[in-house]
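Have a look at the structure below, then the notes.
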Amino acid sequence: MSPKKMIGIIDSGVGGLTVAREVMRQLPQERIVYFGDNARCPYGPRSSEEIRTFTNQMIRYVFQYDLKALVIACNTAAAVVLNEVRQSTQLPVLGVIEPGARAAISASRTGRIGIIGTNMTVQSGAYEKALRRINPNLYVVSLACPPFVPLVENRMLHTEEARQIVYETLAPLKYEEIDTLILGCTHYPLLAPLIQEVFGDEVTLISSAEETARELSTLLSIQDIHAADHGCLLLPEHLFYTSGDAEMFKATGEEWLGVEIKVEKRDLEGIFL
């Protein structure tokens with residue numbers, strides 16, 4: 001496999017940019033093709049079949065490019081289809097749930113860990129299962145936060161309404177005495193300042209993005225397909241696609257990534273599986 005091949009990253013919307021940012025920071029020579037399904041976001045309230053169909057359409061789209069690895073950055077999608085996708089391709093496929101679970105266990109001092117995510121992610125129990133596979137004695141509590149993704153997708157991060165919604169939604173977790181909180185949706189790190197405000201500095205927030213990028217780096221090194229190891233030293237041009245509003249995606253992407261990006265709109269509805 002050529003080191004010049006690309007890293008595919010897919011997400012239900014802009015949330016996966018938290019993973020893309022970490023990949024760009026930790027692996028600056030790697031080239032990314034990103035697809036965000038903003039037109040059909042959020043995935044959390046949808047059925048497993050819808051999530052499976054939408055995710056496979058995104059995968060089919062990014063597979064048009066010459067990939068060396070795929071990251072399913074959407075927690076909801078990973079909870080539903082990660083194992084299926086791994087079995088259907090020889091390409092390395094990474095999710096964000098297991099890296100996030102490992103990071104949370106490493107950070108926790110008391111073994112009391114909270115998880116926030118979409119309805120589907122919480123109902124699947126994917127994070128709790130991943131945590132208990134490592135340490136069955138943990139105290140784990142989960143909370144679905146359906147209003148959070150729309151706040152991010154509609155660029156309401158810095159509003160008083162967002163602050164009020166975050167405080168009200170997270171209120172049940174305030175009494176659980178957790179010391180670590182997994183942000184179990186890649187959109188949620190964009191709300192991290194407000195979430196940290198609710199819990200205070202005594203609670204460590206875990207975004208799986210950093211750990212996922214680290215795992216990707218290890219995988220590329222093991223397979224000897226790390227771009228930097230093969231003289232690919234020019235800064236790469238990344239590709240960003242959305243099924244929704246390209247200008248809105250571009251504004252959020254440039255704010256979060258800190259660089260100018262080009263975003264093109266693509267319709268997934270016509271992609272048949």
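The values are calculated or read from the model by the stated rules, or taken from the named source; none is laboratory data. Please read all numbers here as calculations on a predicted model, not as lab measurements. Cβ coordinates were reconstructed from backbone atoms using ideal geometry, including for glycine residues, and neighbour counts include every protein chain displayed.
Structure notes:
Results for (1) over 20 Å from the mean Cα position of the chain (by Cα); (2) part of a helix (DSSP H, G or I), shown as yes or no for each residue.
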| site | (1), (2) |
| --- | --- |
| 161 | yes, yes |
| 166 | no, yes |
| 171 | yes, yes |
| 194 | no, yes |
| 205 | no, no |
| 224 | yes, no |
| 250 | no, yes |
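- Lone unmet requirement of (1) of a type in the set (S, T, N, Q); (2) modelled with pLDDT of 95 or more; (3) touching a helix residue (DSSP H, G or I) at 6+ places or on another chain (Cβ under 6 Å) for residue 26: (2)
- Looking only at segment 148-173, residues that are surrounded by 14 or more Cβ atoms within 10 Å (Cβ to Cβ) and not small (Gly, Ala, Ser) come to 16 in all.
- Residue ID - modelled with the highest pLDDT, chosen from residues in segment 39-59 that are small (Gly, Ala, Ser) and in contact with a Ser or Thr (Cβ under 8 Å, 6 or more places away or on another chain): 39
- Among the conditions (1) modelled with pLDDT under 95; (2) of a type in the set (D, E, K, R); (3) surrounded by 12 or more Cβ atoms within 10 Å (Cβ to Cβ), residue 179 misses just one, which is (1).
- Applying the set (1) over 15 Å from the mean Cα position of the chain (by Cα); (2) surrounded by fewer than 24 Cβ atoms within 10 Å (Cβ to Cβ) to residue 103 leaves exactly one unmet item: (1).
- Among (1) under 29 Å from residue 147 (Cβ atoms); (2) crowded, with 24+ Cβ neighbours inside 10 Å; (3) modelled with pLDDT under 95 - the single one residue 36 does not satisfy: (3)
- Every test in (1) in contact with an Asp or Glu (Cβ under 9 Å, 6 or more places away or on another chain); (2) not assigned by TED's automatic domain parsing to the domain that holds residue 245; (3) not hydrophobic (A, V, I, L, M, F, W, C) is passed by residue 42 save one, and that test is (2).
- Among (1) within 19 Å of residue 184 (Cα to Cα); (2) surrounded by fewer than 16 Cβ atoms within 10 Å (Cβ to Cβ) - the single one residue 142 does not satisfy: (2)
- Some residue of segment 22-38 being out of contact with any Cys (no Cβ under 6 Å at 6 or more places or on another chain) and farther than 22 Å from residue 210 by Cβ: yes
- Residue tally, condition of a type outside the set (Val, Ile, Thr) and in a strand (DSSP E or B), over segment 7-20: 2
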